[in-house]
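See structure below.
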Amino acid sequence: MTITNGQIYSRGSGIQNVYARNSRGSKVVASGIPTKQMGDIYTADEGGRYFVRIFATTSGNTTLATGVAGYQIEVQSYTIVASGATGVSFLSNTTTLTGPHAIAANGSIASNAPSMRANDGENLIINLTAATTVTGNLTYRLV
């Protein structure tokens, strides 16, 4: 994850809340900073691209990307190849985002456009309907 940092220094009566702004609005990133306190604030760099290798061999759920509080995982592109016939779904924790997409043995599916978003703070999961080897890659960003 790309990190952006900056110093903060409290004079006088202290700082009640520090806000970071992204495309979805303000988020409190620190609170109750006492008088004459100095330190660093670290925030996730919104919009950075992250890459995930897809590798699943059992039916059921496999987590592809771990959720970050206050952010959604937006899938930018993916490619999936299955060695055997299976159905593939993407989930935001337990909520189905897409699928199931039927893939034949040695078949594949791909998308090169933003196609789905996990809910705030939730994991992005791939679900297989059959125990077969599924490989590929996925690109996402936090929004």
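Each value in this text was obtained by applying a stated rule to the coordinates, not by laboratory testing. Treat the numbers as computed from the prediction; the structure is a model and nothing was measured. Note that we place each Cβ from the backbone using ideal geometry, even for glycine, and neighbour counts take in every protein chain shown.
Restricting the search to segment 81-104, which residues are within 10 Å of Ile126 (Cα to Cα) and buried (at least 21 other Cβ atoms within 10 Å of the Cβ)?
Val88, Phe90, Leu91
Of the residues Tyr71, Tyr78, only one is surrounded by 14 or more Cβ atoms within 10 Å (Cβ to Cβ), under 13 Å from the mean Cα position of the chain (by Cα) and touching a residue at least 60 places away in the same chain (Cβ under 8 Å); which? If you could, list the steps in order and put the result at the bottom.
On the way: Tyr78 fails: under 13 Å from the mean Cα position of the chain (by Cα).
Matching residue, one of Tyr71, Tyr78: Tyr71.
Going through segment 109-143 one residue at a time, which ones are more than 25 Å from Val68 (Cα to Cα) and surrounded by 14 or more Cβ atoms within 10 Å (Cβ to Cβ)?
Within segment 109-143, Ile109, Thr129, Ala130, Thr132, Thr133, Val134 qualify.
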